[in-house]
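The values are calculated or read from the model by the stated rules, or taken from the named source; none is laboratory data. From a predicted model like this one, the values you see are computed outputs, not experimental measurements. Reconstructed Cβ throughout: ideal geometry from the backbone, glycine too, with neighbour counts over all protein chains shown. These accessible areas exclude ligands, DNA and RNA; they are computed on the full protein's heavy atoms, side chains included. Shrake-Rupley method; radii C 1.70, N 1.55, O 1.52, S 1.80 Å.
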Amino acid sequence: MNQLKQFQKLSGLFKVAGGVGAVGYLGYNSLFSVDGGHRGVVFNRLWGVKDNIYSEGTHFVIPILEWPIIYDVRTRPTELSSYSGTRDLQYVNMALRVLYRPEVSYLPSILRKYGTDYDRRVLPSIINETLKAVVAMYNAEQLTTQREEVSLRIKRDLLERAEEFHINIQDCAITHLEFSKEFAKAVEDKQIAQQDAEQAKYKVQLALQEKQSKIIAAEGEAKAAQLIGESMRKNPVFAELRRIEAARHVAETLANSHNRIFLDSNSLLMNMLTDFVNDESVTRL
């Protein structure tokens, strides 16, 4: 009898402990929390994904029958690259950095169609497709000179494609642009040829300017000689004045020199005994 009573007591204790444990388990699993920047969607074993979207805070679910799936709805970055061909049949490796987030109102639909890893399922394919389509519209030179326009075109097309999958593209930017080695070598050779052409053009212009300067100088000397000839023909005393000016210049140079030089009047161009002009011309003047 004593053993039977002890067994009954132990059985009662186990029942109480089991009841308390069951209540604790059900109570613990009937609550879930949604952190900041996240949203929750509940899956029901009987009806599938519920259409309700749970915001930040603590919420109730039916234990065993329901459990929550939490989505991060904050803006996140991803970067993907694509090896594409341009319109002029050049190949370019372009990397694109994309900021995205799921559309909160379509979280139940995203869970049904793509699951929790929707970004890994969708973004690589649509980014690669968009990059190849846009790059094919431009030639290799335009991708460099019109980079901002290309980036805007990629963003516009990517927004349209991502909208079909309920993904909101916040921003996208080209982070890397690399051409093939053959194209880079061709661009370098073209730049060298352009520099050589500009240098040759500069040399031609310089030669023309020097030629023009010589022509102008020769014309000036010819004009000066003509004027001097006319002056001497009209007034022979002009040559005598020029000789006196030359002698004065020689005398000033010798006076400023530290050396002692002995010159006669002929060396100084001051030989007054030799008349440059005849007496008749002087008398006539």
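Of all accessible surface on the range 83-197 at a 1.4 Å probe, what whole percent is carbon and sulfur?
49 percent
Note down the nm distance, to one decimal, between modelled labels 7 Å out along Cα→Cβ at ILE174 and at THR253.
That separation, rounded to one decimal, is 6.9 nm.
Enter the accessible area of HIS249 (Å², nearest 10), with the probe set to 1.4 Å and all protein chains included.
We get 120 Å² for HIS249.
With only alpha-carbon atoms in the gyration tensor, what are the semi-axes of the equivalent ellipsoid for the range 172-214, in Å, largest first?
Working: eigenvalues 312, 31, 3 Å².
Each semi-axis is the square root of five times an eigenvalue, giving 40, 12, 4 Å.
Given charges of +1 on the Cβ of Lys and Arg and -1 on the Cβ of Asp and Glu, with all other atoms neutral, how large is the dipole of the range 140-198 about its Cα centre, in debye to the nearest 20?
Dipole of the range 140-198, to the nearest 20 debye: 140 debye.
Considering the Cα positions of the range 76-117, please state its Rg to one decimal place and its Dmax as a whole number of Å.
15.9, 45
Using a Förster radius of 35 Å, what is the FRET efficiency between MET137 and LYS190 based on their Cβ-Cβ separation? Nearest 0.05, please. Display every interim value, and only then the final one.
Values: r = 23 Å, r/R0 = 0.65.
After rounding, the FRET efficiency stands at 0.95.
Once amide H atoms are built 1.01 Å from N in the peptide plane, which residues 5 or more positions from VAL49, or in another chain, come under 5 Å H to H?
Residues meeting the criterion, in which the H sits 1.01 Å from N, are ASN44.
Net charge near SER55, counting Lys/Arg +1 and Asp/Glu -1 over other residues with Cβ under 13 Å of its Cβ?
-1
Once ligands and nucleic acids are excluded and a 1.4 Å probe is used, how much of THR144 is accessible, expressed in Å² to the nearest 10?
80 Å²
Would you kindly calculate the translational diffusion coefficient of the range 33-118, applying Stokes-Einstein with the Kirkwood radius from alpha carbon pairs, for 20 °C and a viscosity of 1.002 mPa s, and quote it in µm² s⁻¹ without decimals?
Rounded, D is 140 µm²/s.
What nm distance separates the two modelled labels at GLU182 and THR78, each placed 7 Å from Cα along Cα→Cβ?
My value for the distance between the label points is 3.3 nm.
About the Cα centre of the range 84-136, how large is the charge dipole given +1 on each Lys and Arg Cβ and -1 on each Asp and Glu Cβ? Please answer in debye to the nearest 20. Intermediate results must be reported in sequence, preceding the final value.
Values: 8 positive and 5 negative charges, 22 e Å.
It works out to roughly 100 debye.
Could you give the dipole magnitude of the range 96-208 about its Cα centre, charging the beta-carbon of Lys and Arg +1 and that of Asp and Glu -1, in debye to the nearest 20? Let's see the in-between values first.
On the way: 17 positive and 18 negative charges, 35 e Å.
Roughly 160 debye for the range 96-208.
Hey, what does the equivalent ellipsoid look like for the range 101-222, semi-axes from the Cα gyration tensor as sqrt of 5 times each eigenvalue, largest first, whole Å?
They are 60, 15, 8 Å, listed from largest to smallest.
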